[in-house]
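Written out below as structure tokens is the structure these notes cover.
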Amino acid sequence: MFIPAMFFLAAATALIWFVVEKGRRKTHPVPAGYQEDLVFPHTQPFELYHNALSLCSMKSRLCLAELRIPYKGHHIDLIETGCYENIRPRFLSVNPGGTVPVLLHDGHPIYESHEQIRYAARFAPEGAPSLVPEDPTLRAEMEAWIDRSSLTENPMENGHRSAGNAVPGQTVPLFCTMIEKIPLFRIVEGLLFHFDRFRPFLFAVLKIRGIGRLHRLAPAAAAISRSRDQLGIHLDGFEEQLEKTGGPWILGEEYTLADVSWLVIFERLRQASAEEVFLGVDRRPLCAAYWNRLQSRPAYEEAILGHSHPLIEYGRHRIEEAKQESPEVRHCLEGA
Ligand SMILES: N[C@@H](CCC(=O)N[C@@H](CS)C(=O)NCC(=O)O)C(=O)O
């Protein structure tokens with residue numbers, strides 16, 4: 001009698017906790033861009049909620065560094081860098097969408113990284129480059145190249161439309177290696193409360209499976225292969241553009257927001273140890289030279305390398321190791 005009663009009490013307590021906690025972590029989509037009606041506590045004109053690995057966070061950090069806009073940073077963990085801080089009430093009060101980055105200007109949030117960089121460019125301090133061409137034709141072209149690199153909607157879909165949506169498949173092996181260091185119970189928080197149950201489920205599977213057996217996980221292998229094909233097509237277009245303009249940047253002489261937006265795609269290839277696949281010997285030499293130029297910019301050092309996370313480097317080395325150890329893994333990650 002005593003044991004069933006205890007069991008019932010524990011189950012009822014857990015259920016109540018779950019329902020209350022779920023209520024505190026309600027999420028909903030947020031509109032893109034500047035939100036005039038919302039103001040959050042802040043101590044500096046610009047503040048950025050971001051994550052070390054997140055592609056979109058890298059873009060916003062890089063943009064602020066190029067514009068030389070000082071800001072206060074709040075690092076928000078995603079599961080791959082430690083825990084699901086992005087679905088806890090404190091962060092959800094700033095972005096009920098549960099995603100990073102969020103830029104605050106005088107406390108007003110700007111949602112979506114591609115909107116953040118467009119917005120921030122209007123506030124370039126005296127003497128800093130504005131990153132937006134004066135010429136309306138070039139400006140329209142820049143917008144199109146930003147769109148072609150933006151991550152919108154579901155990260156694993158619509159890769160044919162944008163390189164930003166094609167590249168997440170390349171992040172899968174990185175997730176798989178970074179998650180090795182994260183205890184399983186941390187993922188449970190996501191399984192219980194994440195707005196997109198598929199993501200924590202994917203991390204749990206990747207953790208259990210491990211990089212050495214990733215090739216046997218058919219949906220992951222298919223996503224990586226699809227990403228490789230789609231990204232290859234986007235980069236071929238990119239190569240043609242560099243040939244057409246003669247570089248050194250996407251639109252020619254002027255470094256613009258389009259370059260900011262594309263840098264993070266190339267950086268993801270570096271982090272995932274996939275540079276060789278896309279930019280190796282004789283493969284897209286103009287893209288390879290462009291990527292070298294990007295890496296020599298001080299803003300790259302400051303906003304990307306300066307914000308790296310130990311798990312990113314760990315993940316990159318583990319991918320390298322796994323490819324050396326197993327031809328099947330190499331084939332899965334690099335193709336024929
Ligand atoms: N379109 C959004 C995408 C934001 C987004 O999906 N961010 C990812 C990281 S790149 C995130 O916060 N994911 C939450 C999670 O993985 O739990 C933007 O450009 O800001």
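Of all residues in region 57-101, those satisfying the criterion of being over 19 Å from Trp262 (Cα atoms), touching an Asp or Glu at 6+ places or on another chain (Cβ under 9 Å) and open to solvent by less than 20 Å² (accessible area, probe 1.4 Å) are Ile76, Ile79, Cys83, Tyr84, Asn86, Ile87, Phe91, Gly98. Would you check if Ser54 is open to solvent by less than 20 Å² (accessible area, probe 1.4 Å) and touching a Pro at 6+ places or on another chain (Cβ under 6 Å)? So Ser54 does not fit the description; no. Apart from one condition, Leu131 fits all of (1) more than 12 Å from the ligand (Cβ to nearest atom); (2) surrounded by 19 or more Cβ atoms within 10 Å (Cβ to Cβ); (3) part of a helix (DSSP H, G or I); the exception is (3).
For region 49-67, a residue qualifies if it is more than 9 Å from the ligand (Cβ to nearest atom) and either part of a helix (DSSP H, G or I) or farther than 15 Å from Tyr111 by Cα (or both), and the qualifying residues are Ala52, Arg61, Leu62, Cys63, Leu64, Ala65, Glu66, Leu67.
Pairs are defined by a Cβ separation below 6 Å, a sequence spacing of at least 6 or placement on different chains, a first member in region 180-205 that is not assigned by TED's automatic domain parsing to the domain that holds Glu80, and a second member that is modelled with pLDDT of 95 or more and open to solvent by 40 Å² or more (accessible area, probe 1.4 Å); the pairs so defined are Phe195/Thr27; Pro200/Leu191.
Out of Arg283, Arg293, Arg330, I need the residue that is surrounded by fewer than 18 Cβ atoms within 10 Å (Cβ to Cβ) and under 26 Å from Ala140 (Cα atoms). Which one? Full working, then the answer.
Values: Arg283 fails: under 26 Å from Ala140 (Cα atoms); Arg330 fails: under 26 Å from Ala140 (Cα atoms).
When all the criteria are applied, what remains is Arg293.
Can you name the residue in region 288-329 that is among the polar types (S, T, N, Q) and outside any helix (DSSP H, G or I) and, of all such residues, is nearest to Pro248 (Cα to Cα)?
Filtering region 288-329 for residues among the polar types (S, T, N, Q) gives 292, 295-296, 308, 324, 326.
Within this subset, residues satisfying the condition of being outside any helix (DSSP H, G or I) are 296, 308, 326.
Details: Ser296: 13, Ser308: 26, Ser326: 38 Å.
Filtering region 288-329 for residues that are among the polar types (S, T, N, Q) and outside any helix (DSSP H, G or I), the one nearest to Pro248 (Cα to Cα) comes out as Ser296.
Tally the residues that are farther than 15 Å from Leu231 by Cα and open to solvent by 30 Å² or more (accessible area, probe 1.4 Å), restricting the search to region 134-170. Here the count works out to 13. Pairs only if they're at least six apart or on different chains, beta carbon under 8 angstrom, first in region 82-103 and at negative phi and more than 11 Å from the ligand (Cβ to nearest atom), second among the polar types (S, T, N, Q) and not in a helix (DSSP H, G or I); list them, first residue then second. The qualifying pairs are Leu92/Thr27; Pro96/Thr27.
For region 68-77, residues that are away from the ligand (no atom under 15 Å from the Cβ) and part of a loop (DSSP other than H, G, I, E, B) total 4. As a summary of the residue check, Glu112 satisfies the conditions (1) touching a residue at least 40 places away in the same chain (Cβ under 8 Å); (2) away from the ligand (no atom under 12 Å from the Cβ); (3) charged (D, E, K, R) except for the one numbered (2).
The values are calculated or read from the model by the stated rules, or taken from the named source; none is laboratory data. These numbers come from a predicted model, not from an experiment. FYI the Cβ positions are ideal-geometry reconstructions off the backbone, even for glycines, and counts take in every protein chain you see. Surface accessibility is based on the protein's heavy atoms, side chains included, excluding ligands, DNA and RNA. Shrake-Rupley method; radii C 1.70, N 1.55, O 1.52, S 1.80 Å.
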